[in-house]
Structures are given as C-alpha cells and as structure tokens.
Amino acid sequence: MAAGLGARPSATFVAGRFRPLAAPLRPVRSGKFVVPKRCFIVSSRLAWVEDELMEIQKSQEQSSVKSKKRPPLRRGKVSPQLPVPGHIPRPSYVGAKGLPELCKGQLHDAQGITGMRAACKLAARVLDFAGTLVKPSITTNEIDAAVHNMIIEAGAYPSPLGYHGFPKSICTSVNECVCHGVPDSTQLQNGDIINIDVNVFLNGYHGGTSRTFACGQVDDSIKHFLNAAEECLEKGISICRDGVNYRKIGKKISKLAYFYGYYVVERFVGHGIGTMYHSEPLILHHANENSGRMVEGQTFTIEPILTMEKTECVTWEDGWTTVTADGSWAAQFEHTILVTRDGAEILTKV
C-alpha cells in the first residue's frame, strides 16, 4: 500500500521479464495509436520491425471498433466493513485516532527476517488467489470479501482494514485509478485492468505486494503497458544491495519508463515495512537527489505507478481513491524486498 506525498492530509501515508518486439504504440486522446518519437530501430531490421508495427496497429484498430468507450470511473456502493475474529492480533493503529509517527528504517535480525518472510509469502499467495478472481462481471467488493476470508483463515489481519479509517481489506484500483481504490459494487468489464494491493499482518509483521491484472481480453497496447510497468519494478529491484543510494531506484525506474514512453507518478512512494506498516526510508520512484543508503537487513517496498499519459492525480472525497485527472490509465506493481550484502531478496515472490 503506497505512501503518499503532498499537502492533502489524507494523502500522507494514507496511503516477467519483458522484451518488446518493437517500440510501443501509445494511445492518444483521439483513440489513434502513435509510435513514441524517442524510439529507434536498427536499419538492418527495418522491414521486420515495420511488419510487426503494422500487425499491432491492425489489431489495435480492430479492437477499438469492437469495444465500447468506457465511461469514467464512478464510486459504487461500499458495503459494511467485514469482521475479523477476536483471536487474531490487530496492528496498533486499528481503533486509534490519527496515524503513528513515521519511525526510522526497520532492520531485522534472524528472527525478524523469518517473520517477514512468513508474512510476505502469505501476501504473495493471497495476491495470486485474488488474480484468479479477476473476470468480467465480478465486483471489486466480491474480490475484497474472498481475499478477506483467505487472510483471516490464515490467522492474519488485513493491514489496510481500519488504517486511518480505510473501510476495506484490500485496495482495488481500476483503469484510471492510480491507487487506493476502495472496493465497492463496481463490476469489472472485459478489457479493464485492475491493480489489487494486498497487505497482511501476521505474527507481528506486515508484508505487502500488488499487481495489475488484465480482465478478459485487452488490447496489445495495454499488454505492452502492463509489461513495461512490471519491468520497471524489476529494474528498480535489480540495483538494490547494501550500501547503494536509494535514489538509484528512482533513476532506474524513471529512465526505463521514459524509454517506453510512459510516465512515473511522483506523488506516491514506497516505504519501510516490518513490525510497523509504514516507516522510513521513503522510496521515490522518479529521478531524485535524495540522500541515504541501503543497509543489510532492511525491508521496504518498491511500488512504482506508471501512467500512459503525463497527467496530474485527483483524490476523491472519500480521501482515498486517487485517479488520473485526464482519465488515462495507470498500472502498478509492488514487492517487499530484504536488502542483503550482495543484492536483494524479493520476499513477496512465490
């Protein structure tokens, strides 16, 4: 669950591998597809690349004729908060007023690392299960209910539930929703995309992960977008190890996003995670000059959000749901990692 940057009070901590055949075709407001100006091709492969581009563009044109234009996302009916059995331990913020102070980075000994691995593996299994539920006609509320039951059956607490008043157990962000979408009566449609953000509190430790899923059949341009967003996460993780500057994560992610013709949302950041849900360090996913270095035994999330167009973000009156101002779609992928001497262990990878 991303932490937020900005002046709005509710936004402060309210919060595979891919090799493209050619440069991405990006949708513009007119509905047509264009090749980004900053792409390049090797002359000896020009004919082959042109054939690939023509095939993709033909597929896109056929898809746009068949599919209806989706209306802007609207808030649906939010059902009552689901109960959690009394024997399951709650995080300290549940039922408390306000938010706890942001603590320093969280370092773990052997016991702590074992606890983090267990919580993160559960979060990863739950997310995989949630992905199997994504299909046309299902509501985001139904996904939330099924995930909630799986978490409590494992003896864990869904970390978002009750965090600064958040009413649900997961975040479900559809199409132009950047993050922190509140599950409700909204039905998924064929061709939609949805980010499902799962966080669990198990035996005193939080683990978090998210992924953006395609619902039914999506255009090739959307597949490219999702693959690029996931690759950006992988690129950010790849440079992590003891002693590396945090800012290198944002540099790697933003450079790759720019290459593919997409944009990184700067308002929301990754964060330390462990016995505390949110802590330092704050992980910026865009190019920055922040100081600070990674330390062996540290755990934090990396969770970049990409948009298909350069745009601002707007938060709804519920204080949570944040969407793109122009309606362009967004995609996010997240892992919790453990910094090691020689690299990073992805704790939320099944």
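The values are calculated or read from the model by the stated rules, or taken from the named source; none is laboratory data. Just so it is clear, the structure is predicted and the values come from calculations on it, not from any experiment. All Cβ positions, even for glycine, are placed from backbone atoms using ideal geometry, and neighbour counts span all protein chains on display. Note: areas computed on protein heavy atoms with side chains; ligands, DNA, RNA excluded. Shrake-Rupley method; radii C 1.70, N 1.55, O 1.52, S 1.80 Å.
Mind scanning 168/349; 97/255; 97/252 and naming the pairs with a C-alpha gap bigger than 31 Å?
Working: 168/349 24 Å; 97/255 40 Å; 97/252 38 Å.
Beyond 31 Å: 97/255; 97/252.
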*Note down the nm distance, to one decimal, between modelled labels 7 Å out along Cα→Cβ at residue 99 and at residue 135.*
3.7
_In sequence order, calculated HN-Hα J values of the range 205-210 (Karplus, 6.51, -1.76, 1.60; Hz; x Gly/Pro)_ = 10, 9, x, x, 7, 8
_What is the sum of charges, Lys and Arg at +1 and Asp and Glu at -1, for the other residues whose Cβ falls under 15 Å from the Cβ of residue 100?_
+1
_Amide hydrogen neighbours beyond the local backbone of residue 308, cut-off 5 Å, H modeled_ = 329
*For the range 197-244, what is the convex hull volume of the alpha-carbon atoms per residue, in Å³?*
87
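What's the magnitude of the charge dipole for the range 110-346 around its Cα centre, counting Lys and Arg as +1 and Asp and Glu as -1 at the beta-carbon? Answer in Debye, nearest 20.
Once rounded to the nearest 20, the dipole reads 780 debye.
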*Tail weight of P(r) past 24 Å, computed on alpha-carbon pairs of the range 174-314, percent*: 34
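Please give the per residue accessible area of the range 277-320, computed with a probe of 1.4 Å over protein heavy atoms only, in Å².
Using a 1.4 Å probe on heavy atoms only, each residue of the range 277-320 averages 41 Å².
Show me 96-106, 115-125 ranked by packing, highest mean number of other Cβ atoms within 10 Å first.
Output ranking for 96-106, 115-125: 115-125, 96-106.
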*Cross-link pairs 223/310; 104/310; 104/235 - those with Cα-Cα distance over 29 Å*: 104/310
*Where labels lie 7 Å past Cα in the beta-carbon direction, separation of residue 82 and residue 341 in nm*: 4.3
*Calculate, in nm to one decimal, what residue 107 and residue 149 gain on full extension: separation in residues at 0.36 nm each, minus their alpha carbon distance.*
12.0 nm
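Quick check: net charge around residue 151, other residues with Cβ under 14 Å of its Cβ, Lys/Arg +1 and Asp/Glu -1?
Details: positive: 90, 121, 125, 168; negative: 128, 144, 153, 197.
Net local charge, residue 151 excluded: 0.
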*On the accessible surface of the range 216-350, probed at 1.4 Å, how many percent belong to carbon and sulfur atoms?*
46
*Using the Karplus curve 6.51 cos²θ - 1.76 cosθ + 1.60 with θ = phi - 60°, work out ³J(HN,Hα) for each residue of the range 154-163 in order, rounded to whole Hz, and write x for Gly and Pro.*
8, x, 10, 10, x, 3, x, 5, x, 6
*For residue 275, residues with placed amide H under 5 Å, excluding near neighbours*: 206
*Amide H contacts of residue 79 (H built 1.01 Å from N, under 5 Å, at least 5 apart or other chain)*: none
*Considering the range 110-346, what Rg and Dmax in Å follow from its alpha-carbon atoms?*
16.8, 48
